[in-house]
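Worksheet for the structure shown next.
The values are calculated or read from the model by the stated rules, or taken from the named source; none is laboratory data. Please read these numbers as outputs of a predicted model, since none were measured by experiment. Positions of Cβ are generated from backbone atoms using ideal geometry, with glycine treated the same way; all protein chains shown enter the neighbour counts. For accessibility, only protein heavy atoms count, side chains too; no ligands or nucleic acids. Shrake-Rupley method; radii C 1.70, N 1.55, O 1.52, S 1.80 Å.
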Amino acid sequence: MTDLSGQTDATREGVVLVALGSPVAPTEEAIGDFLSEFLSDPRVVDLPRALWLPILNGPVRRRRPARVLGQYEGIWTEEGSPLRVHTRAQGEALARLLPGRDVRVAYQYGSPNVADVFLDLARSCDVVTVLPAYPHFAPATVGSIADRVRECAGLAAAEGHRPRIRAARSWPSLAGYVDWHAGRILEEVSREGVDLVVFSWHGVPLRKAHGAARYRAECHATASAVMERVEAQGCTVAWEETFQSKFGPGRWLAPATIDTMAALPGRGVRSVLVTNPGFLADCLETVYEMDVLNAGVFRQAGGVSFRRIAPPDAESAARFLAQVRGALTPASGRPAR
C-alpha cells in the first residue's frame, strides 16, 4: 500500500479529529447524559464498577447536573458549546489543509461519536488516521480513544474491512505548537509585563492506571520547550506549572492551580499570565474554571492582573494537527520525535 507522505488516486485516507465532547445543550438532562457517558468510562474513573456505577447513577446523576448548570449556561454561545464550536472549525480548517482526504470531527463522549465515525471511515478508506486533540498522553484521553479504535477495528474486520490505522499518541514538543505558545507569551509580556507565567495543566489522579508520571513529564517537556523559545528571544520571566480540574477523592497531581492562585499574592505576585497548552479549544475548564474561579481567587487574595492566553485559533490548531499527521510513521502510527 502506498505510504501517505502524499496521497495517490488509488489510496483513500480518512482523517478523524477526536475531541472530548460536551453536553449538547445547557440543560440538566443533557449535562446528566454527558456525565453518565463520560464518567462510566473505566479509563476515566478506575474504581471498581460495583462500587462506582451506583454512585454515578445515583447521587452524581441526580445532583451534579443542577450544580454545574449555571457554569454551562455562563459559557454557552449562540452557536453552542465552545468546545464543539471550536473543534468543528478546526476540522473545517484541517480539511482545507488536507485536500482529497475525508476529514471528520468526532467526540469521545456524545455525537458524532468516535466509534461511529471510525467505523464509517473504515468501510470506505484504505487508511484511517486518528488525531486526538490532546498534545500529551494520558490513559483517560488518548488511551480511551485507542481502546475504541481497537474495538471498532475488530468490528470492521468482521465486516471484511481492514484499513491501515495510523494514530497519534502525543506531541508535546511539536515545533509549530511550541512556537505558537512561545509567540503568544512574548506578545503578552511585551504588551504588559507580568510577574509570573503559570502553565495550568488538566490534572490526573495519582493512581497507576492514570499514568501520572508520563503525563507530568510530557507536560513539563512542553512548558520547558516553550520557555526556552521565549528566553531565546531575550525575554526572561519566571514561570511554574500547576494542575487543575480535580474531581472526586484521592490524591491528584499537584500543586493545584486554584491553591496556587490563592497563594501567589502572598508571594509578591501581583500580575499573572496563565496559559493552558493542554487544551486545543476553549471549554468549561478554561472559560469558567480559569476565567471565573481561579481569576476570582487570585484577585480576592490581593492579585491585581489575571490574564489568560486563549487556545489557538482554528487555522493554527489545524496546522498543528496537519504536522502531527505528517510525522506519523507508516508502520507504528506513532509520531516521529
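Observations, loosely collected:
- Counting charges near LEU35 (Lys, Arg +1; Asp, Glu -1) among other residues having Cβ under 15 Å from its Cβ returns a value of -1.
- Placing +1 on the Cβ of every Lys and Arg and -1 on the Cβ of every Asp and Glu, with no other charges, gives the range 69-157 a dipole of roughly 220 debye about its Cα centre.
- Antiparallel bridges, percent of DSSP beta bridges restricted to the range 1-158 (to nearest 5): 5 percent
- Applied to the range 58-68, the Karplus parametrisation 6.51 cos²θ - 1.76 cosθ + 1.60 on θ = phi - 60° returns per-residue 3J(HN,Hα) values of x, x, 5, 5, 6, 9, 5, x, 5, 5, 9 Hz, with x for Gly and Pro.
- Per-residue SASA entry for VAL114, accessible area with 1.4 Å probe, Å² rounded to 10: 0 Å²
- Backbone geometry of the range 103-118 corresponds, through the Karplus equation with coefficients 6.51, -1.76 and 1.60 at θ = phi - 60°, to 3J(HN,Hα) couplings of 9, 10, 10, 9, 10, 5, 10, x, 10, x, 7, 4, 5, 5, 5, 4 Hz, x marking Gly and Pro.
- Coil-residue trypsin sites (Lys or Arg not before Pro) of the range 225-327, DSSP, other Cβ within 10 Å capped at 16: ARG251, ARG270
- Accessible carbon and sulfur surface of the chain relative to its total accessible area, %, 1.4 Å: 54 percent
- Charge dipole of the chain (Cα centre as origin; +1 on each Lys and Arg Cβ, -1 on each Asp and Glu Cβ, all else neutral): 920 debye, rounded to the nearest 20.
- Taking the DSSP bridge list for the chain and keeping only pairs wholly inside it, about 10 percent are antiparallel.
- Amide H contacts under 5 Å for TRP252: LEU206, restricted to partners 5 or more places along the chain or on a different chain, H placed in the peptide plane at 1.01 Å from N.
- With contributions of -39500 (n - 2.57) from each DSSP H run of at least four residues, the per-residue ellipticity at 222 nm computed over the chain stands at -13000 deg cm²/dmol.
- Taking each residue as 0.36 nm, the span from LEU186 to ARG207 lengthens on full extension beyond its C-alpha to C-alpha distance by 3.9 nm.
- Virtual spin-label span in nm between SER173 and ARG150, 7 Å along Cα→Cβ: 2.7 nm
- Percent antiparallel among DSSP beta bridges (both partners in the range 126-267, rounded to 5): 10 percent
- Protein heavy-atom accessible surface, 1.4 Å probe, per residue over the range 103-258: 40 Å².
- Distances between placed amide hydrogens fall under 5 Å for GLN244 paired with TRP201, HIS202, GLY203, THR257, all partners being 5 or more residues away or on another chain.
- Available extension along the chain between ALA66 and ALA221 is 52.0 nm, counting 0.36 nm per residue and deducting the alpha carbon span.
- Percentage relative contact order, the chain, counting C-alpha pairs under 8 Å, at least six apart: 22 percent
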